[in-house]
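The values are calculated or read from the model by the stated rules, or taken from the named source; none is laboratory data. Fair warning: this is a prediction, and the values are worked out from it, not measured in the lab. Cβ placement follows ideal geometry from the backbone for every residue including glycine, while neighbour counts extend to all protein chains displayed. Areas reflect the complete protein model, heavy atoms only, side chains present, ligands, DNA and RNA absent. Shrake-Rupley method; radii C 1.70, N 1.55, O 1.52, S 1.80 Å.
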Amino acid sequence: MSMINPFVTIIIPTYNDWTRLNLCLAALANQTYQQEFFEVIVVNNNPNDKLPDSCFIPENCKVINEHKPGSYAARNAALKIAKGEIVGFTDSDCIPDKNWIKHALDFFDQNQEIKRIGGAVNIFFKKKNPSKIELYDKLFAFPQEAYVRSGNAVTANMFTYKYIFDKIGLFNESLMSGGDYQWGMLAHRNSFPIGYAPNAIVKHPARPSIKELVNKAKRVGKGQAKFKSYQEESIYATTVRILKLLKPSLWEIKKVFAKGRDMNLSSKLFLICLRHYIVWVEGFSKVKNERRVRRVS
């Protein structure tokens, strides 16, 4: 790297997740980028859930509390005290690769025009033989490369120059989901280019149950509802949007058959039906919450 060891801040929000945070912090303590050139700020978003004595806290890590609910409020609290020229984001349930920070900085160094990075989020399974639900998450969770092509990245694995927050502002704290997308698109509109760094990897556990998939879909839909309130949309137009959700997506069907070559037909059909159901849950949640926003405003 020709860049001389820039100081980096890694930000991790956590909520009642100390056990998985331990694994994340252990991975950060094992980074090939020297510990003295980065800091880790963990933000406890439930101050009533005290830091356990058994929790592993590296020397370059500090834990702060944020009472305001939501991961974006937590990230903003860390940004306000971050010392890094570059800021990296991940989540407490992620396990960064040992070269995560180094490869992100290499990417910045080799692509001087890039100001933001979306790194790979690889899904892993707890057992050797994954369930159908876990296979679904492997297929459809975190399509980071596609997000980057549209100008944004998920905060499970994102790096950016800190001055961009000074230029365009922090995350929207009113959102419980989708704040990374909203901020990313704002950065995109303000001409801060983003690149996809496939070697800057974090691992994320597959969600093991339909309930978890549904809960996430509802959160995402609720978050998206605040992007645009459809103030002038008629009930008829809203109904049409809901009905369009019932139409299966051809590209998703193709994806299941392309990525699931080793699956039997019944498994493929299950995943297609599950995908359609999750998309419908997310879309219906979005429409329902848009109407709530409309009533309030």
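Accessible area of the chain with a 1.4 Å probe: how many percent of it is carbon plus sulfur?
The C+S portion of the solvent-accessible surface of the chain is 54 percent.
Would you mind checking the tilt of helix 18-29 against the longest principal axis of the Cα atoms of the chain, expressed as 0 to 90 degrees and rounded to 10?
The angle comes out near 50 degrees.
Report the FRET efficiency, 1/(1 + (r/R0)^6), for residue 273 and residue 37, where r is their Cβ-Cβ distance and R0 is 51 Å, rounded to 0.05. Don't skip to the end; give the middle numbers.
Details: r = 49 Å, r/R0 = 0.95.
Taking R0 as 51 Å, the efficiency between residue 273 and residue 37 is 0.55.
Using a Förster distance of 22 angstrom, determine the FRET efficiency expected from the C-beta separation of residue 210 and residue 247, and round it to 0.05.
On the way: r = 22 Å, r/R0 = 0.98.
E between residue 210 and residue 247, to the nearest 0.05, is 0.55.
Could you sort out which of 128/211; 247/286; 68/218; 115/138 sit more than 25 Å apart by Cα distance in this structure?
Too far apart for the 25 Å limit: 115/138.
Can you give me the angle between helix 100-110 and the longest principal axis of the chain, using Cα atoms only, in degrees from 0 to 90, rounded to the nearest 10?
90 degrees
Can you tell me the relative contact order of region 1-102? Whole percent, Cα pairs under 8 Å, sequence separation 6 or more.
45 percent
Taking the Cα atoms only, what angle lies between the long axis of helix 250-259 and the longest principal axis of the chain, rounded to 10 degrees?
Roughly 60 degrees, rounded to the nearest 10.
Can you give the FRET efficiency for residue 26 and residue 166, using 1/(1 + (r/R0)^6), R0 = 25 Å, r = Cβ-Cβ distance, to the nearest 0.05?
Taking R0 as 25 Å, the efficiency between residue 26 and residue 166 is 0.20.
Divide by every residue of the chain the summed helix terms, -39500 (n - 2.57) for each DSSP H run of at least 4, and state the resulting mean residue ellipticity at 222 nm, rounded to the nearest 500 deg cm²/dmol. Can you show the working numbers first?
Values: 11 runs with 131 residues, N = 297.
Computed mean residue ellipticity for the chain: -13500 deg cm²/dmol.
Quick check for you: with a 1.4 Å probe and neighbouring chains kept, what is the accessible area per residue of the chain, in Å²?
Per residue, the chain has 51 Å² of solvent-accessible surface.
Of 263, 176, 158, which has the most accessible area and how do the rest follow, probe 1.4 Å?
The most accessible residue leads, giving 176, 263, 158.
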